[in-house]
Amino acid sequence: MERKQKHRNARDTLRHILSLRIPATAFQEAAHLLVPETYPWPGPEEGNRKIGFGQCGLVYAVSSEPGAVVKIARPHFGDSLRADYVAHERVSKIFSAREWTSDLHDISRIYKDRGAIHAKLPKVIRLEINDSAATLGRFVRQKAQLKLHEPEVKLGEDNSPGRTVMANALYTSHIPPLSKPVRDALIELYCPVEKRDSVHADPTNVDCLVRVYLGRRRRIGAPAPPNFALRNYNLHLDQMVDLGLPVVRYAAAMGEALADMHWGANVDAFDVEFVLGGPAADIDTASSRSRVKVADLWLLDFNLCSVFVVEKVYEMEGLEELVDHLVYAFFANDPYYPHPSRDDGSGGRVGVVNVELLVWNAFKEEYLWRSMEIFRSQSRVARSRYGNLPAAFLDGCMEKQRGLDPGVDKITD
Ligand SMILES: Nc1ncnc2c1ncn2[C@@H]1O[C@H](COP(=O)(O)OP(=O)(O)O)[C@@H](O)[C@H]1O
Ligand SMILES: [Mg+2]
């Protein structure tokens, strides 16, 4: 009985917090989940603490700059980190412009869903170029000495603790992790019983972010994955639906963000990530007296992104290839985005909601809406030349999906 109650409480916690905005009427009920938590920022004696890693870089909380993280390029990934910086900056600019116009001027907010959420971006702080292969270009060469107290990091020849490495380094703001009640609830609901104690005890799980896989369900009957960790926990569509999370709003926010990246920033969005994390420390226009912000959807990781110049592509008569490339990037990404025309397992039974279709439609509509807004602010020539590209991209995605084998949600070639 106690077990069942714990299970119910865990579900309620995730439903409340991962809805991102709590109605003020439910605030009392959820107040115990909102007790502020201090993030254990590393002090000078600890040095920078690793909080994540990927193919391109290792990510550290910077002991001397509370609130800043640094992504340090692995050997041979220096250029990739510059690409990360360039794309991240471009996307930041268009996100800020959107936030500003939609706050102050945009009539569309009045009749669009007032509960809409918008993806957040970590702020770019600075890029430091330190690798020997760095070309000077428009970057200032400076030497940042990064003390890394972590023996297992393989960043160069010298692998001793407390050493100094020279590598390109991108500083951005820290995405706050999800709070302790959320971490405990994820363990309660999804962690195999025999691993729970060790997962609770593992201090790395304090850096808890949840990947939003709107384009993938868990396979029925599949064995539990061998590793359970709260850093980048993959939350699948079936889990989100089961918890009653606002999948349609997540989908719309991703559609808006992708339109911003494509047509506002001219970035192909290759391999970007969407995660649920703690709330951004900004003024949130979607919050009001009736709604309180408790978490946010975040967009990160631009190191594999390319920037395109639409005019040049047009002059080279390459608009079709551009659309093909964007479609390719859409399917090569991890399955964050909803995918078109997925079977939801209803077997066509009447009365069963086709969730896949619902999220795809929300994504599609918001993508088109936002693209239209972007093109509306451009010249008439640009509008007539490029205004049909967003629809061509969506058609291309639907076409591509039809050609994929059932169950394929990511292409790897
Ligand atoms: N600004 C940030 N705040 C908190 N965690 C971050 C931040 N940037 C990256 N991370 C964590 O580090 C991981 C690796 O960073 P990422 O940018 O994806 O590197 P890579 O390009 O090597 O994949 C991410 O998946 C995330 O868990
Ligand atoms: Mg990554």
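Using Cβ counts within 10 Å as a stand-in for footprinting exposure, how do Val124, Val359, Val193 rank, fewest first? Walk me through the numbers on the way to the answer.
Details: Val124 19, Val359 28, Val193 6.
Listed from fewest to most nearby Cβ atoms, that is Val193, Val124, Val359.
Apply 1/(1 + (r/R0)^6) to the Cβ-Cβ distance of Ile125 and Ser198, taking R0 = 30 Å, and write down the FRET efficiency to the nearest 0.05.
Details: r = 35 Å, r/R0 = 1.16.
Between Ile125 and Ser198 the formula returns 0.30.
Here the residues Thr204, Thr25, Thr13, ranked from fewest to most Cβ neighbours within 10 Å of their Cβ, fall in the order Thr25, Thr204, Thr13.
Readers should treat all values here as calculations from the given coordinates under stated rules, not as data from a laboratory. Treat the numbers as computed from the prediction; the structure is a model and nothing was measured. Don't worry about glycine lacking a Cβ; one is built from the backbone with ideal geometry, like all the others, and counts go over all protein chains shown.
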